Amino acid sequence: MYVSMSRLRIEPERAPELVDAFRARVGLVDGFDGFVDLQVWQSDRDPGEILMVSRWDTRAHFTAYMRSREHEVSHARIDPGLDAAITLERLEHLHTYEVVAE
């Protein structure tokens, strides 16, 4: 299991707009080889902090998606004004864990 977590920052009053954009995503990643799932989390203490957490079978699958046309198309749909308002505070990769219990 490979996990990527993007910590995004946006002005709190624009956070609902970002959340709506995630809810309306086209879902091109959903059918991508090696993709497991994607969750978007919003802090209950700081509404301007949004985490995007995606899980993949392997890092190679994640890297292939990040270089894909599907990724490019998905990001091209983001309103330019909203995109400019988002700051990537941190990108974390939890490297290759084995799920041992569910």
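Starting from the Cα of Thr96, step 7 Å along the direction of its Cβ; do the same at Glu11; then give the gap between the two resulting points in nm.
Distance between the two pseudo-spin positions: 4.4 nm.
Which label marks the calculated value of Kirkwood radius over Cα pairs in Å, given the options (i) 16.1; (ii) 14.4; (iii) 14.8?
(ii)
Counting other Cβ atoms within 10 Å, which trypsin sites (Lys or Arg not before Pro) in segment 57-95 have at most 16 and lie in a DSSP loop? Write down the numbers at each step before the final one.
Working: sites: Arg59, Arg67, Arg69, Arg77, Arg90; in loops: Arg67, Arg77.
Those satisfying the criteria are Arg67, Arg77.
Which percent of the accessible area of the chain is formed by carbon and sulfur heavy atoms (probe 1.4 angstrom)? Show your work: numbers first, answer last.
On the way: 3460 of 6860 Å².
Roughly 50 percent of what the probe reaches on the chain is carbon or sulfur.
Relative contact order, percent, of the chain when contacts are C-alpha pairs under 8 Å separated by at least 6 residues?
47
Return the calculated 222 nm mean residue ellipticity for the chain, to the nearest 500 deg cm²/dmol, obtained by summing -39500 (n - 2.57) across DSSP H runs with n ≥ 4 and dividing by the residue count.
Working: 4 runs with 31 residues, N = 102.
That calculation yields -8000 deg cm²/dmol at 222 nm.
Using the heavy atoms of the protein chains and a 1.4 angstrom probe, tell me the accessible area per residue for the chain in square angstrom. Could the numbers behind the result be given before it?
Working: 6860 Å² over 102 residues.
Accessible area per residue: 67 Å².
Compute the distribution of all C-alpha to C-alpha distances in segment 17-72, in bins of 10 Å from 0, and list the percent of pairs in each, rounded to whole numbers.
For segment 17-72, the binned pair fractions read 21, 48, 26, 5 percent.
For Leu38 and Ala64, compute 0.36 nm times the residue count separating them, minus their Cα-Cα distance, and round to one decimal in nm. Could you put the intermediate results ahead of the total?
Values: separation 26, 0.36 × 26 = 9.36 nm, distance 1.61 nm.
Net length gain for the segment: 7.8 nm.
What is the sum of charges around Phe35, taking Lys and Arg as +1, Asp and Glu as -1, for the other residues whose C-beta is under 9 Å from the C-beta of Phe35? Numbers along the way, then the final one.
Details: positive: Arg55; negative: Asp30, Asp33, Asp37, Asp57.
Local net charge: -3.
Please give me, ordered by residue number, the chymotrypsin sites (Phe, Trp or Tyr not before Pro) of segment 1-100 that lie in loop per DSSP and have at most 16 other Cβ atoms within 10 Å.
On the way: sites: Tyr2, Phe22, Phe32, Phe35, Trp41, Trp56, Phe62, Tyr65, Tyr97; in loops: Phe32, Tyr97.
Taking segment 1-100 and a limit of 16 other Cβ atoms within 10 Å, the loop chymotrypsin sites (Phe, Trp or Tyr not before Pro) found are Phe32, Tyr97.
The values are calculated or read from the model by the stated rules, or taken from the named source; none is laboratory data. Model, not experiment: these values are computed from the prediction. In this analysis, Cβ positions are derived from the backbone assuming ideal geometry, glycine residues included, and neighbour counts consider all displayed protein chains. Surface areas here come from the heavy atoms of the whole protein model, side chains and all, with no ligands, DNA or RNA. Shrake-Rupley method; radii C 1.70, N 1.55, O 1.52, S 1.80 Å.
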